[in-house]
Amino acid sequence: MSVRLDNLEPVDIRPIRRALISVHDKTGLEEFAAGLHEAGVQIVSTGSTAERIAAAGVPVTPVGDLTGFPEVLEGRVKTLHPKVHAGILADQRKADHRQQLTDLDIEAFDLVVCNLYPFKATVDSGAEFDECVEQIDIGGPSMVRAAAKNHPSVAVVTSPDRYDEVAEAAKGEGLCLAVRQNLAAEAFLHTATYDMAIAGWFAKELGREDLLEEFDDACAEQLGVEDDLFTQMLQGVFGASDGDQEPEGRWGEGVVIDATFGDLPLRVGERSGQGEGVDEDEGGAAFPELVSDVFERLEILRYGENPHQGAAVYGEFAEIDEEESWEGREGEPEKPMGPGVAHALLLNGKPMSFNNYTDGDAALRAAYDHERPCVAIIKHANPCGIAVADDIAEAHRKAHACDPVSAFGGVIAVNREVSEELARQIVPIFTEVVIAPAYAPEALEVLRSKKNLRVLLVTPPERSGYEFKQVSGGFLVQECDGVDAEGDSAETWTLAAGSPADAATLADLEFAWRSVRAVRSNAILVARDGASVGVGMGQVNRVDSCKLAVERANTLGGRSTGDAGASAIDSAGGARAEDVLAAAPERRTEGAVAASDAFFPFADGLQVLIDAGVKAVVQPGGSVRDQESIDAANAAGITMYFTGVRHFAH
C-alpha cells in the first residue's frame, strides 16, 4: 500500500462502532477482530469468518441472527438481505435515511471488511470449469461496492495490510473522509480487477473474441484509454503460471508498471497534467488521464544488471496463432509467444540474463529498422556493427568487419532466416546470443554444437505503440521511436549543401540514417556500401562522438584478426572479415558517408568528418548555427542533407 492513512487531513471524522466482516483471506483476522472488540466495536460476520473470530474468543454476531434468515444454497446466499445492505448503504448525512433505518429496525454499519473468493488461484490450479465458476463471489463484491459507494458514511477494507491502521483508528476518534475515500478507491480497484479476471477467463474459455472487443470499447469510452489496452489485459489474465518456481513470494505473478513489483494485479495512476506548451486536446488523445497495464511474470532471472541485484522478466499478454507456429522447433512452446525478446523461445544454450535481454532488445530493434536483410551486432546496448546485403551471411560479414574486437561476446540479431552459411560464420566467434525470426534446420544444428550459445526464436517486434521509462516517483511514457517519422525518408530530405547525391551515395545515407537511431546519443555513424564502419556513441558532446567514430573506423578494422575471431569467418565458401576489410581503402572514412542523430551545434564536429574524407552527411538540422555547418560543407565540397527529425536515444 502506497498511502499512509494517518497522513491524511483529519476532516469529517466518523467513529467505528459497528463492523461487518466477511473474508476469504483470513490473514491477521483474529488479531484484527480482537483489536476492534477492544475498541468497543460490535462485530457481525459470516460463515467461516464468524467461526474463526468466535474461536479466538472475540464476541461476534452471525449474520443469520441479524437477518433472521439462515445461510442457504451452500453459502451462496449469506449477506444479500435488506438488513445488511440497507445498513451499509444508508447515507448518515441524510435525516430521512436515518429515520428509515429506525422505522425498519436496521442498524447502520460504520466499517465493512471483505475480500473475495480466490477465483484466479482456482483457475491457475487447473480446476474444472464448474469449480472455477463456483469461486465467482457474488455477495462479497456487492458488499464491497456498496460500502465504497457510501464512503461518506462507511469505511471499507479489502486488504489485511490495512488492519493495523484501521484497528488503531477504531480505538481513537475514527476515520476521516480522506481515509474513507482512499479505502473506497482501493475497494473499487479490488472488485474491478476481480471482474476483469472473470471476464477474461470466460471469453478465453469460450473463444469469444467479440466479448473482448466489446469490453475493450466500453472501457475506452468510459476512461478515455487506448482502445486496445483492456483487450491485451483480458486476453492474458490467465497465462501460464510459474508458481512452482516462486522464490518465497518475492515476485508476484502479475505486476503493473511499477518498480515495486507489488501484489496488486493492477494499479491506476493519474496523470497530473499536459505539461507546459502542450495542447490539452492534442496531447490528451494519445496520453489518457488514466494509464494501466498488466504484465505476466515469464521467468525469474539469475540476477539483474549486476550479481547483487534480483531480477525477473515480465511480458505483455499475447498469444500467437497456431498456424503461425514455427515448424522447425521440437514440440510446442511452453507459453504463448508474443512479439519481441520477452516472449522469445530459447532453442539452445543457457538461460537468458538481464543484460542479454537488454542487448537482445537493442539488437532486434536495430535489425528491424531495415527492410533489406540486416544483421546487427550489439554490445552494452550499442552497435558493434550493422549491415545490409542481399544475402544474410554477407550482411553478417560486413557487420562483423565494422568492429571485430567489440563483436567478441556480443549479441547478434537478424531480420531474416538464419542460413547454414551464417550459422557456420557465427560459431567460431564467441557470441552470447543469436536472435532471429526463423532458422534453417541445418543452421540450428550448427548453432546447437555450441552448447552455451543462446539461440532465440522471436516474433518480429511491433514498430508502433508506447515505451516506458521509470523515474523516481513515477514513469515516463512516449510513443516508440521507429524510423518512420516524417523526414526519415530520403524523399523528404532537404539538400542543405553541395550537389545532390548519386543513387549509391543516397542509399548509403539512408542506411546510415536508419542505423544511427540504434546508437546511444550523442551518436555519429560512418557507413559505406551498406555497412557501418565507424560508430561514435554516448559522448557528452558531438565533436567527441565524431572523433570517436573516425578513430574506430580507421583503427578497429586493422585489428580484425586474432582474438576477435574474424579470421574464422571463412567457412561455407564465404568471404572472411579480413577480405571485406582489405577491399576497403586504408582509411575507411575516405569516401564514406555519415549520419548524426541530432544537429551539429557548431561546425567543429562536421569538420572532423570532413577532414576524415567523408563525402556526404545527413543530419536533422535546426541549430541556430546551421549556417556555419552549411558553409563548412560547401567549402569542402561535400553533400549535406537535413531531415528535419532527430533520433535521440538515452
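The values are calculated or read from the model by the stated rules, or taken from the named source; none is laboratory data. Source: prediction; values computed, not measured. Positions of Cβ are backbone-derived with ideal geometry, glycine not excepted, and every protein chain shown enters the neighbour counts.
Miscellaneous remarks
- Among the candidates A504, A485, residue that is without any contact (Cβ under 8 Å) to a residue 24 or more places away in the chain, small (G, A, S) and outside any strand (DSSP E or B): A504
- Scan of the range 474-495 for residues that are β-branched (V, I, T) and more than 14 Å from the chain's Cα centre (by Cα), ordered by number: V483, T492, T494
- Comparison of G174, G126 shows that the only residue that is modelled with pLDDT of 80 or more and at positive phi is G174.
- Among the candidates K120, K149, the residue that is of a type in the set (K, R) and out of contact with any Leu (no Cβ under 9 Å at 6 or more places or on another chain) is uniquely K120.
- Flag if R514 is out of contact with any strand residue (DSSP E or B) (no Cβ under 6 Å at 6 or more places or on another chain), in the same structural domain as G605 (by TED's automatic domain parsing), of a type outside the set (V, I, T) and at pLDDT 85 or above: yes
- Any hit, the range 381-398, residues being crowded, with 20+ Cβ neighbours inside 10 Å, part of a helix (DSSP H, G or I) and among the β-branched types (V, I, T): yes
- V533 meets each of the listed conditions (1) at pLDDT 90 or above; (2) assigned to a helix (DSSP H, G or I) apart from (2).
- Cross-chain or 6+ apart pairs with Cβ under 8 Å, the range 434-461 first and surrounded by 16 or more Cβ atoms within 10 Å (Cβ to Cβ), then of a type in the set (V, I, T) and assigned to a loop (DSSP other than H, G, I, E, B): I435/V458; A436/V458; P437/V458; V446/V427; L447/V427; K450/V427; L453/V427; T459/I320
- Flag for Y163 being surrounded by fewer than 21 Cβ atoms within 10 Å (Cβ to Cβ) and part of a loop (DSSP other than H, G, I, E, B): no
- Every residue from the range 92-116 that is at pLDDT below 80 and within 29 Å of K26 (Cα to Cα): I106
Yes/no matrix, rows are residues, columns are (1) modelled with pLDDT of 85 or more; (2) surrounded by fewer than 16 Cβ atoms within 10 Å (Cβ to Cβ); (3) closer than 29 Å to I392 by Cβ; (4) not assigned by TED's automatic domain parsing to the domain that holds L495:
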position	(1), (2), (3), (4)
D544	yes, no, no, no
N554	yes, no, yes, no
G557	no, no, yes, no
I569	no, no, yes, no
A577	no, no, yes, no
A584	no, no, yes, no
I610	yes, no, no, no
K615	yes, no, yes, no
S623	yes, no, no, no
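- If only residues of the range 295-309 that are part of a loop (DSSP other than H, G, I, E, B) and of a type in the set (D, E, K, R) are counted, the one that is surrounded by the fewest Cβ atoms within 10 Å (Cβ to Cβ) is E305.
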